[in-house]
């Protein structure tokens, strides 16, 4: 059975080795994302969660920023990476409080706006957030340095010095 082989292989490799690999790749990705800059010196990324690998797993949540500090919509990011054969997780924060915190939304404002909104896009506009959520890169046992390098190369070539596109995206019917 496949799962028995997989578990046996993990025992052979050792969970400490897996943890170390994921932690090293995650730390390296965090450092590289923090170092991404537009020509003006403005950051290209806003990271969420712990700043380092302490108290963090292999998932890194963030938004790309344009040179003026505006968030690039995560749906657009997903589409542009998919066009290059890279799959990313994007969308709303799983924890609504995390989304409110990431975009500095007052809790009362979010609740009042939720009652008035007819669509997800209406809600986002009413609370004044630039996007519905974030981009998430998840690293695991199968992830490689080449995977991270490819992701970073696409990010730099796509978003460095590029204003946040204002092209219309399909309406959000859900997160």
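Overview of results
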| item | result |
| --- | --- |
| At R0 = 22 Å, FRET efficiency that the Cβ-Cβ distance of residue 8 and residue 141 yields, to 0.05 | 0.95 |
| Contact order relative to length of region 1-59, as percent, for alpha carbon pairs under 8 angstrom and 6 or more apart | 32 |
| Likely footprinting exposure, 159, 3, 48, fewest C-beta neighbours within 10 Å first | 3, 48, 159 |
| Additional length obtainable on full extension of the chain from residue 46 to residue 87, 0.36 nm per residue less Cα span | 12.8 nm |
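The numbers here are math on the coordinates, done by the rules we state, and not lab data. Nothing here was measured: the structure is a model prediction, and the numbers come from that model. Here the Cβ is made from the backbone with ideal geometry for all residues, glycine too, and neighbour counts use every protein chain on show.
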